[in-house]
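The values are calculated or read from the model by the stated rules, or taken from the named source; none is laboratory data. Everything numeric here is computed off the predicted structure, so don't read it as measured data. Methodologically, a virtual Cβ is constructed for each residue, glycine included, from the backbone with ideal geometry; neighbour enumeration extends over all protein chains shown. All accessible areas refer to the heavy atoms of the entire protein, side chains included, with ligands and DNA or RNA removed. Shrake-Rupley method; radii C 1.70, N 1.55, O 1.52, S 1.80 Å.
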Amino acid sequence: MSGRLALALDAPTRGGLLAYGALGLPLAFAALPIYVHVPKLYADGLGLPLAAVGAVLLAVRVVDGLTDPLLGWASDRWASRPQWVIGALPALALGLMALLAPPAGAGLAWLALALVAVTLAWSAASIAYHAWGAELQASTHERTRITAVREGFALAGVMLAAALPSMLAADEVAGLARLAWLFPLLLALFAGWTLLRAPRAPRQPARQALWAGLAAALAHRPFRRLLTVFAANGIAAAIPSVCVLFFVADVLQAESSAGLFLVIYFAAGAASLPAWVALAARVGKRRAWGAAMVLAMAVFVWAWTLEGGQTVAFALICLLSGAALGADLALPPAMLADQLARYAGRGASPAGAWFGWWNLVTKANLALAAGLALPLLGWLGYEPGARDAAALGALAAVYALLPVVLKGGALALLLAWRGELESEGEMR
């Protein structure tokens, strides 16, 4: 296996795959409230100024993103991947409890400290966890299965975290507090499953100095190009996420159905994962990912044509775009794992540093999508609650057509760089 990681020779069993994927559920479960519930909880529930809450969230997100490559480098250099996960999870559990169940007098300092604890612990655990999966198997098909199982559990965690607050209590503040107390139990069950039953690969710690280790990843051209495609496609996928609630409320005039549309979208993503695994095994990951991009582009062009009351059509759009989401979640990390297998020297894995950059780009995509779409909507004359045709047309264009343009650019790069982005066994 010269020039590759010294990885486990046998493919993970079905039980081993499920055990590895299990940790994806609580990690995704913990991430959702930070972006969805925390601003309203601290602004409405505790009466803090919305602008100040937003400033704290932005500052912590910047710090969190910038530390990801550092955490990845450290994960390569010290301790094992499971040890990093074990070390990070208690801080994640305690931090989320502090964040979602704050005392009555909690202020901006409490919010900032709790957010820092949650985001740093989540990043440390997530980077080590993703690197762990990338090091498990040398078969390109097995890497796709590993990422698909992990992302399936993650989508289940997202749906669970979205549904539980209203199920646990009629009041959102009380529901989030109960969610916070439930999280340690959920974390113990699923993390215990992963840590006790998931397969592990032998690994020697990397010895590169900080900047050399981080620079080495970006100096590797195939990784840099895959990261570029991932970023372009990620921004295209994030823009509809930023705008969807506005689109449902003002273009479709179906605000009460927003939750149902989101459930359809995420459920379709989870259900599509086996199909994308099978297609990737047949035609290769790059071609399968390109097919998903084409599907998403066609679906969003259709969304641009919708008018008020066309909820059945939009439900079908959510179903089809959710299916494309499954490929976005499963295939790019599997392609990254393939690149790692070709790049890494015997025993010493740089997977942490690579996934550190990957996490940074993932978080930057969300920030860039909001920073691009929301000011553009304002410049085009849209405000929430608008009913005039020009404003609604602007909203529909930003929600549906802007992602098509960006995703078209990602697809063009995927085709142009196909020689460096295809995995072993995929050259045809």
Which listed residue, of LEU111, LEU115, is in contact with an Asp or Glu (Cβ under 9 Å, 6 or more places away or on another chain) and either open to solvent by less than 10 Å² (accessible area, probe 1.4 Å) or of a type in the set (S, T, N, Q) (or both): LEU115
Flag if GLU255 is farther than 21 Å from VAL404 by Cα and either acidic (Asp, Glu) or touching a strand residue (DSSP E or B) at 6+ places or on another chain (Cβ under 9 Å) (or both): yes
Which numbered condition GLY47 fails, given (1) of a type outside the set (Asp, Glu); (2) farther than 15 Å from ALA131 by Cβ; (3) touching a helix residue (DSSP H, G or I) at 6+ places or on another chain (Cβ under 8 Å): (3)
Given (1) open to solvent by 10 Å² or more (accessible area, probe 1.4 Å); (2) at pLDDT below 95; (3) part of a helix (DSSP H, G or I), number of the condition TRP302 does not satisfy: (2)
Residue within the stretch 54-66 that is charged (D, E, K, R), open to solvent by less than 50 Å² (accessible area, probe 1.4 Å) and at pLDDT 85 or above present: no
Criterion violated by GLN253 - all others in (1) open to solvent by 60 Å² or more (accessible area, probe 1.4 Å); (2) under 22 Å from THR144 (Cβ atoms); (3) of a type outside the set (A, V, I, L, M); (4) touching a residue at least 24 places away in the same chain (Cβ under 8 Å) satisfied: (2)
Matching entry among ALA296, ALA324 (being touching a Lys or Arg at 6+ places or on another chain (Cβ under 8 Å) and in a helix (DSSP H, G or I)): ALA296
Yes/no for ALA125 being touching a residue at least 24 places away in the same chain (Cβ under 8 Å), within 28 Å of PRO49 (Cβ to Cβ) and buried (at least 19 other Cβ atoms within 10 Å of the Cβ): no
Cβ pairs under 7 Å, 6+ apart, first in the stretch 215-241 and open to solvent by 20 Å² or more (accessible area, probe 1.4 Å), second modelled with pLDDT of 90 or more and among the acidic types (Asp, Glu): ALA237/ASP328
Test: LEU46 is over 24 Å from the mean Cα position of the chain (by Cα), touching a residue at least 40 places away in the same chain (Cβ under 8 Å) and surrounded by fewer than 19 Cβ atoms within 10 Å (Cβ to Cβ): yes
Enumeration of residues in the stretch 86-107 that are more than 20 Å from PRO165 (Cβ to Cβ) and over 26 Å from the mean Cα position of the chain (by Cα): GLY105, GLY107
Meets criteria (open to solvent by 20 Å² or more (accessible area, probe 1.4 Å) and either closer than 24 Å to ALA74 by Cβ or assigned to a helix (DSSP H, G or I) (or both)) for TRP132: no
Answer from VAL149, VAL158, VAL116 - the residue that is more than 30 Å from GLY45 (Cα to Cα) and either part of a helix (DSSP H, G or I) or free of Cβ contacts under 8 Å to residues at least 40 places away in the same chain (or both): VAL149
Residue in the stretch 258-279 that is aliphatic (A, V, I, L, M) and closer than 30 Å to ARG77 by Cα present: no
Number of the exception - PRO333 against (1) under 27 Å from THR67 (Cβ atoms); (2) touching a residue at least 12 places away in the same chain (Cβ under 8 Å); (3) open to solvent by 30 Å² or more (accessible area, probe 1.4 Å); (4) not polar (S, T, N, Q): (3)
Matching option when the condition is touching a Lys or Arg at 6+ places or on another chain (Cβ under 7 Å) and aliphatic (A, V, I, L, M), among ALA180, ALA169: ALA169
